[in-house]
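K.L.:
Quick one: this structure, given as structure tokens, is what I'll be asking you about.
Bear in mind these aren't lab numbers, they're just calculated from the coordinates by the rules spelled out. What you see is a predicted model, and the numbers here were worked out from it, not measured in a lab. Backbone-built Cβ (ideal geometry, glycine too); neighbour counts: all protein chains shown.
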């Protein structure tokens, strides 16, 4: 999605959490009620899951959703050089 | 509800139904009855649809729905354009060649083809309103 703030991209750490729990894509997909291809597409960041699925994944690993998913601005990251690209939240 | 069918079993059913469709098609031609062919096709589709609901493995999720939705929308656009172009070129043929020997055949085809895009547009509009209602959009509250 193109916005005035540049290209926004959802990044995730599902592969890391899957490795920590010694889970295959197939097992995780079965547990979440989706296809293995969907888990693969999310891990490759080719598909952004729905809020519902994102929460289901977070609940499954017993972590907060923001531990799994981050919403980054690559343009901002390149300009600032210091930030990890995470969007600043309103105070 | 318990599901009994494996993915390979489902593929086997598709194969058997396809084979039966060919036999029905051949039989329909032999007895010169197009209605048999149409009924056979509808029954085949119903069998495959019912069998699909019995597959044990997960074959559909939000991603496949998105893919199917996008592919269907794009297909609808292309088919609509092609059918409309064919229908309107048929109208042009009728108007420019009113006494052509093929005029009657062309006009029959054209009329049936003109109905198709009209029905598609009506169906699309109705479904568009249905899904807009289902997923919100008519509410005026803020």
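K.L.:
Give me the distance in nm between label points sitting 7 Å out from Cα along the Cα-to-Cβ direction at residue B:96 and residue B:21, one decimal.
P.N.:
So the two model labels end up 3.7 nm from each other.
K.L.:
So for the pair residue B:45, residue B:83, with labels modelled 7 Å out along Cα→Cβ, what separation do we get in nm?
P.N.:
1.2 nm
K.L.:
Would you mind getting me the FRET efficiency between residue A:8 and residue A:62? Use the beta-carbon distance for r and R0 = 30 Å, nearest 0.05.
P.N.:
On the way: r = 27 Å, r/R0 = 0.91.
My answer for the efficiency is 0.65.
K.L.:
Next up: Mind sorting B:73, A:72 by how few other Cβ atoms lie within 10 Å of their own Cβ, fewest first?
P.N.:
Neighbour counts put them in this order, fewest first: B:73, A:72.
K.L.:
If I stretch the segment between residue B:65 and residue B:14 completely, what's the gain in nm (0.36 nm per residue apart, minus their alpha carbon distance), one decimal?
P.N.:
Working: separation 51, 0.36 × 51 = 18.36 nm, distance 2.10 nm.
So the chain would gain 16.3 nm between residue B:65 and residue B:14.
K.L.:
In addition: Taking only the alpha carbons of chain B, what extent do you get along each of the three principal axes, in Å, biggest first?
P.N.:
63, 62, 20
K.L.:
If you don't mind, another one. So how far apart, in nm, are the two label points at residue B:130 and residue A:27 if each is 7 Å from Cα heading toward Cβ?
P.N.:
If labels sit at residue B:130 and residue A:27, their model points lie 4.2 nm apart.
K.L.:
Running a GNM on chain B with Cα contacts under 10 Å, which residue among B:33, B:107, B:89 ends up with the highest mean-square fluctuation?
P.N.:
Looking only at B:33, B:107, B:89, the largest GNM fluctuation is found for B:33.
K.L.:
When N is the residue count of region A:18-63, what does its C-alpha Rg come to as a fraction of 2.2 N^0.38 Å?
P.N.:
1.04
K.L.:
Let's test the formula: R0 of 45 Å, r as the Cβ-Cβ distance of residue A:51 and residue B:36. What FRET efficiency results, to the nearest 0.05?
P.N.:
Result of the calculation: an efficiency of 0.35.
K.L.:
In units of 2.2 N^0.38 Å, what is the alpha-carbon radius of gyration of region B:1-58?
P.N.:
In units of the globular-protein estimate, region B:1-58 measures up at 1.32.
K.L.:
Hey, fewest Cβ within 10 Å first, where do B:124, B:113, B:130 land in order?
P.N.:
So the residues, fewest neighbours to most, are B:130, B:124, B:113.
K.L.:
Relative contact order of region B:1-58: what whole-number percent is it, with Cα pairs under 8 angstrom and at least 6 residues apart?
P.N.:
With pairs under 8 Å counted, the relative contact order is 60 percent.
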